[in-house]
1. Within segment 1-36, which residues are of a type in the set (S, T, N, Q) and either at pLDDT 95 or above or touching a helix residue (DSSP H, G or I) at 6+ places or on another chain (Cβ under 9 Å) (or both)?
2. Between residues in segment 65-89 that are closer than 15 Å to L27 by Cβ and residues that are assigned to a helix (DSSP H, G or I), which pairs lie under 7 Å by C-beta distance while being six or more apart or on different chains?
3. Which of the residues that make up segment 45-66 are of a type in the set (D, E, K, R) and surrounded by 15 or more Cβ atoms within 10 Å (Cβ to Cβ)?
Amino acid sequence: MTRRDGEGRTQTLERLKTQRPRLYRVLLLNDDYTPMDFVVYVLERYFRKSEHEAQLIMLAVHHKGQGVAGVYTRDAAETKVAQVTAKARQEGHPLRLVTEPEP
Ligand code: TYC
């Protein structure tokens, strides 16, 4: 942070609180066509989930319509969406992912 002192000089002041970047959720959206195995594969390979965790998340998305694949800084979240969407299209699946800021 900078401000002017009484003589017009610029002062640099230290910030007392550490700045943390805003975090974004990557949400997986359900659809009727993407195979369950592919969603589990994506969660393991791109979101570093165990097979068990990946199966639980995939089933939650299948039943509830959406679910959190992971939480990242904005750049990392957008990169995950781009990478996974590209892989899904390459394999012919309509899988969709979106990001949303953590409250
Ligand atoms: N609903 C899909 C099916 O029955 C499976 C699925 C799960 C698709 C999660 C997308 O994000 C998703 N094959």
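1. Here is the first cut: in segment 1-36, the ones of a type in the set (S, T, N, Q) are 2, 10-12, 18-19, 30, 34.
Result: N30, T34.
2. Close Cβ pairs (under 7 Å, with a partner that is assigned to a helix (DSSP H, G or I)) amount to G67/I57; G67/A60; G67/V61; A69/L43; A69/I57; G70/K80; Y72/K80; V84/V42.
3. Filtering segment 45-66 for residues of a type in the set (D, E, K, R) gives 45, 48-49, 51, 53, 64.
Once the filter is applied, which keeps residues that are of a type in the set (D, E, K, R) and surrounded by 15 or more Cβ atoms within 10 Å (Cβ to Cβ), segment 45-66 yields only K49.
The values are calculated or read from the model by the stated rules, or taken from the named source; none is laboratory data. From a predicted model like this one, the values you see are computed outputs, not experimental measurements. Using ideal geometry, Cβ is built from the backbone for each residue, glycine included, and neighbour counts are taken over all protein chains shown.
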